[in-house]
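Comments concern the structure below.
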């Protein structure tokens with residue numbers, strides 16, 4: 001399926017998916033408020049600004065995908081809750097842990113909704129506070145604290161948790177993101193969402209600069225797990241979403257335009273070490 005995409009992709013395709021029956025208001029509730037825009041980098045206190053450089057003798061490959069190395073968990077669904085920040089943070093930790101410790105863990109996004117009181121559960125949160133919480137307290141296993149798409153009255157964690165060592169803001173440019181991606185692991189990012197992302201079904205999604213400025217309906221956190229270039233020359237990031245496995249391409253992914261900072265995808269990249 002991935003090989004077929006790489007051979008045949010040109011532009012983006014659109015159609016019905018599991019979000020088609022949602023009202024516009026329901027869809028907007030899954031996104032972060034526009035007031036979060038570029039606030040993360042300005043206000044962050046946990047995420048460091050001195051990322052290490054990878055030790056790599058060879059140039060980065062033309063195509064790279066962490067899914068091929070079995071360190072990326074399946075796509076999950078955040079439902080009608082603005083918890084993308086928790087899903088992106090959790091997916092980042094799952095991948096970083098698998099890379100560092102050779103062990104896949106299915107971790108609990110609900111941990112952040114219930115226990116990270118510095119963030120606002122379904123009303124939004126930011127990765128700085130989320131990663132600080134994960135560094136200090138850790139994420140429960142999903143089986144111990146399953147996702148219910150709202151904040152529960154108590155923080156109830158039993159059993160072991162999974163923590164991280166450190167998080168870094170990467171330099172906001174394509175090459176620095178590729179260097180981290182290939183050298184260390186997937187990259188946590190944020191984007192501005194335009195209406196045409198909702199019915200996306202495949203191909204390279206390239207929102208126009210005008211749409212990214214004038215048609216934004218909210219912000220969204222996701223995870224870059226790889227990159228490539230289509231035969232027609234369109235560079236793309238391979239991005240894991242949290243809108244379920246029937247949305248997008250490859251069971252929940254979007255191939256997002258790379259190298260042009262489309263809708264801010266290269267503005268605030270974050271890498272972590274577990």
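Quick note: the coordinates plus some simple rules give every number you see, no bench work behind them. Note that the structure is predicted; figures quoted are calculated from it, not measured.
A few remarks follow.
- Shown here is the pair-distance distribution of the stretch 187-274: with all Cα-Cα distances grouped in 10 Å bins from zero up to the longest one, the shares run 17, 55, 26, 2 percent.
- Relative intensity of the chain on a log10 scale, I(q)/I(0) at q = 0.09 Å⁻¹, equals -0.37, per a Debye sum over C-alpha point scatterers of equal strength in the absence of solvent.
- Choice from 45, 92, 154 showing the highest fluctuation, given a GNM over the chain with Cα pairs closer than 10 Å: 154
- Centroid-to-centroid separation of the stretch 200-239 and the stretch 128-149 [C-alpha atoms, Å]: 28
- DSSP-defined antiparallel bridges as percent of all bridges, the chain, nearest 5: 90
- Computed over the stretch 78-216, Kirkwood Rh from alpha-carbon pairs, angstrom: 16.4
- Cα pair distances of the stretch 137-176 binned at 5 Å [whole percent]: 6, 15, 20, 15, 12, 11, 10, 9, 2
- Taking every alpha-carbon pair under 8 Å whose residues sit at least 6 apart, the chain reaches a relative contact order of 29 percent.
- Convex hull of alpha carbon positions in the stretch 95-157: directionally averaged projected area 4.3 nm².
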